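Since the structure comes first, as structure tokens, the remarks are kept for the end.
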Amino acid sequence: MTDKPDNNKAGNIRAMFKNISGRYDLLNTIMTFGRDKSWRRFVIKEASLGPNALILDVGTGTGKILHEALLLNNGIKAFGVDFTLEMMLAGKEQKKDISWCCADALVLPFPDSVFDAVTSGYLIRNVTDIHRAFAEQMRTAKPGGKIVCLDTSPPAQNLLRPFILLYLKLVIPLLGLIFAGNKNAYRYLTSSTQAFKSPEELALIMKDAGLVNIRFRKFMFGTISILCGTRPSL
């Protein structure tokens, strides 16, 4: 990250996640009516991990995706990267089998072709360069390795849209105030969802970054999407 607006955005996001780190997982579960666990399981299913696989989760936060991977797959090695130290510290006490690293998602500190799968949850919406984030993930994946992205999607133009917007604009910030004492952070999370790209647009960016066999699936009335791509084999 080099230009000042991007640096400001990154700094603001880091500060926001630092402030809500202790309640982040709880709020995710409450806001999604407990469906977040099933989405993480779907991410791991899409990652197609074999025996002794290495998985990297970028923007790992408290390591929830990796925790699910370790529960579902024996013998794998899990690595988590996040640029907010407090988020990782909040998860480290309960998740002992994860190797943690504080680093930027746009400059991953790993060699090429290391991991069998690279995942992310609610990361891409917050990076300053989506193409570069996917390119870095692809670089660190082995040829044939999976890149799996879980993130929010803007509400579709349908009959449910007014109700979804009401939930995003009013209910979620209120939950943030009640359970995390931070209404503004959850206002940002909802506004960034509304302004974010559709899974169709993300799929095109993944393709432009070099990934192949890209597919996606929508959840929760289309407000959550999980995309999967593959690094081309040599």
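Some points to look at:
- The helices (runs of 4 or more DSSP H) falling completely within the range 63-141 that include 1 or more residues that are under 15 Å from Ala10 (Cα atoms) map to 85-92, 130-140.
- Residue in the range 154-165 that is within 15 Å of the chain's Cα centre (by Cα) and assigned to a loop (DSSP other than H, G, I, E, B) present: no
- Residue within the range 95-117 that is in contact with a Gly (Cβ under 8 Å, 6 or more places away or on another chain), touching a residue at least 40 places away in the same chain (Cβ under 8 Å) and closer than 20 Å to Leu26 by Cα present: no
- Taken together, Thr223, Thr140, Thr230 contain a single residue that is polar (S, T, N, Q), modelled with pLDDT of 85 or more, surrounded by 15 or more Cβ atoms within 10 Å (Cβ to Cβ) and closer than 19 Å to Asp36 by Cα, which is Thr223.
- For Gly222: the one exception among (1) in contact with a strand residue (DSSP E or B) (Cβ under 8 Å, 6 or more places away or on another chain); (2) closer than 23 Å to Phe42 by Cα: (1)
- For the range 1-24, filtering for residues that are surrounded by 18 or more Cβ atoms within 10 Å (Cβ to Cβ) and either aliphatic (A, V, I, L, M) or modelled with pLDDT of 80 or more (or both) leaves 4.
- For the range 211-228, the set of residues classified as touching a residue at least 40 places away in the same chain (Cβ under 8 Å) and out of contact with any Gly (no Cβ under 9 Å at 6 or more places or on another chain) consists of Arg217, Lys218, Phe219, Met220, Phe221, Gly222, Thr223, Ile224, Ser225, Ile226, Leu227, Cys228, listed by residue number.
- Count - residues of the range 186-213 that are under 17 Å from the mean Cα position of the chain (by Cα) and either modelled with pLDDT under 95 or buried (at least 17 other Cβ atoms within 10 Å of the Cβ) (or both): 17
The values are calculated or read from the model by the stated rules, or taken from the named source; none is laboratory data. Worth saying up front: this structure is predicted, and the values here are computed from it rather than measured. Because the Cβ atoms are built from the backbone with ideal geometry, glycine has one as well, and the counts that use them run over all protein chains shown.
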